[in-house]
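Have a look at the structure below before the remarks.
Just so you know, all these numbers are worked out from the coordinates, no wet-lab data involved. For clarity, every value in this text was computed on a predicted model and none was experimentally measured. Virtual Cβ from ideal backbone geometry, glycine too; neighbours counted across all protein chains shown.
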Amino acid sequence: MQRKTPRATDDEAALTESIIGLAQRYGRYGYRRITAQLRAEGWRCNHKRVERIWRAEGLKVPARQPKRGRLWLNDGSCVRLRPERPNDVWAYDFVEDRTRDGRRFRTLNVVDEFTRECLAIRIGRQLKAADVIDVLSDLFILRGIPGHVRSDNGPEFAATAVKRWISGVGAKTAFIEPGSPWEMA
């Protein structure tokens with residue numbers, strides 16, 4: 001077997017230092033973007049050469065860190081509004097299903113998060129923001145006004161009429177993060 005002996009160019013050490021310096025300065029750049037940076041600085045090199053030096057120096061792009069939302073701590077635990085007593089935090093959401101003939105129906109469920117008691121269930125083919133206000137007003141009269149009312153960001157719950165009515169009564173709204181259904185009771 002015959003192989004060509006590799007020839008090292010005289011600017012290899014300077015190019016290596018430049019690559020390492022750019023990799024430290026731009027931590028999220030890979031070897032392709034570093035190649036573009038080198039060409040902008042005036043180096044004449046191709047991406048294969050930069051990749052060879054990149055691998056020889058053991059450089060890697062660090063794995064992308066997960067977004068740190070307001071709900072998560074460093075240990076992965078969830079921090080959110082927790083109920084401290086009955087009637088402190090209520091959660092309400094829609095559940096949808098279909099009858100045997102294929103027609104859909106929706107149920108509006110209201111739950112006390114502390115006691116896990118289902119406070120109300122409203123069933124209908126179409127439930128709108130006015131129906132949400134109607135159910136909540138009946139519950140506020142029977143049970144008193146809770147500290148917070150938690151919901152998702154659905155159009156029935158994020159409607160200005162519902163938010164304005166809840167804040168006018170004296171309760172506060174608490175919305176879950178989009179795409180986080182496990183935050184609901």
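Test of understanding: among R122, R106, which residue is of a type outside the set (G, A, S) and touching a helix residue (DSSP H, G or I) at 6+ places or on another chain (Cβ under 6 Å)?
So the residue among R122, R106 that is of a type outside the set (G, A, S) and touching a helix residue (DSSP H, G or I) at 6+ places or on another chain (Cβ under 6 Å) is R122.
Do you know which of the residues in segment 120-163 that are touching an Asp or Glu at 6+ places or on another chain (Cβ under 6 Å) and aliphatic (A, V, I, L, M) is surrounded by the fewest Cβ atoms within 10 Å (Cβ to Cβ)?
Checking each candidate, the answer is A129.
Return the residue satisfying two criteria in turn: it lies in segment 13-35 and is surrounded by 13 or more Cβ atoms within 10 Å (Cβ to Cβ), assigned to a helix (DSSP H, G or I) and not β-branched (V, I, T), and of such residues it is farthest from the chain's Cα centre (by Cα).
L15
In segment 95-129, which residues are in a strand (DSSP E or B) and either β-branched (V, I, T) or out of contact with any Phe, Trp or Tyr (no Cβ under 9 Å at 6 or more places or on another chain) (or both)?
V95, R104, F105, T107, V110, V111, E117, C118, I121, R122, I123
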